[in-house]
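Some notes on the structure that comes next.
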Amino acid sequence: MYKEIDPQSYEIIRNLMDEHKQLSSMFIHELRNPLSLLKGTLQYIEMKYCEVKGYKYWYQLFDLIQDMEHMLSNASLLNSCTCLNIDDTDLLDLINNIVKTYMPEAEKQKKSLVFRHDEECEAVLRSYPCDAYKIKQTITNLVKNAFEATTEGNFIEIVAGIQATDSGEALSIMINNNGAKIPEEEIDDIFQPFVTHKAGGTGIGLALAKRIVSAHLGSISVSSSDELTSFSILLPIPKKQ
């Protein structure tokens, strides 16, 4: 945890991280320029010489360019996800709104979607210092994944509470479902960027979730069995002044 690092070392690490982000942003930006020119050139050729549309691999070029554009967008997301705008946030309202957004889909797919929380954590939920947009993005990604893993008759639940940790109490937010089990061989690299075991997946959602939670000095973990799959987020509770 950052609090265990002395101020001088922390400053060095922060400067190195900032420099890395700047270089990554410059690299992504510089790659986008020639990629846009390449795409524009191909579109011009297609407009000028219509016969190229008949070439066997012509449209494959556009598919490859689109794949590269998605990769650059995903890299940009990973690069910026740890830049936080911290403010006191009503997580109770935030999570309730996520549930309301997904409720029509839950009813359509005939799945149960609920949010419950312990009374002891309500005060913490009502005013928690965090980046509301990024925490919402994290929970939304996990709920979306739960929908993809479940079938008709399954349940999805968000459960909030207070959990004791080695460094004190933490706010616990769990996204549970009783859908398909995650194979054991996929658990170890499930939070790695650009690693996906889903058809059409990008391998970004869970990597973003981990980086966002880590930026809040929290942790995220997953457990999965035939009965229950659970993504558990632990966020430190600030000590009262």
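The values are calculated or read from the model by the stated rules, or taken from the named source; none is laboratory data. Remember, predicted model here, so these are calculated numbers, not experimental data. Here Cβ is always computed from backbone atoms with ideal geometry, including for glycine, and neighbour counts include all displayed protein chains.
So here's what we get for this one:
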| quantity | calculated |
| --- | --- |
| Lone unmet requirement of (1) surrounded by fewer than 18 Cβ atoms within 10 Å (Cβ to Cβ); (2) aliphatic (A, V, I, L, M); (3) under 15 Å from the mean Cα position of the chain (by Cα) for Val159 | (3) |
| Hits in the stretch 44-73 (condition: of a type in the set (A, V, I, L, M), over 22 Å from Ile204 (Cβ atoms) and surrounded by 10 or more Cβ atoms within 10 Å (Cβ to Cβ)) | Ile45, Val52, Leu61 |
| Residue check for Tyr2: of a type outside the set (Lys, Arg), loosely packed, with under 12 Cβ neighbours inside 10 Å and at pLDDT 85 or above | no |
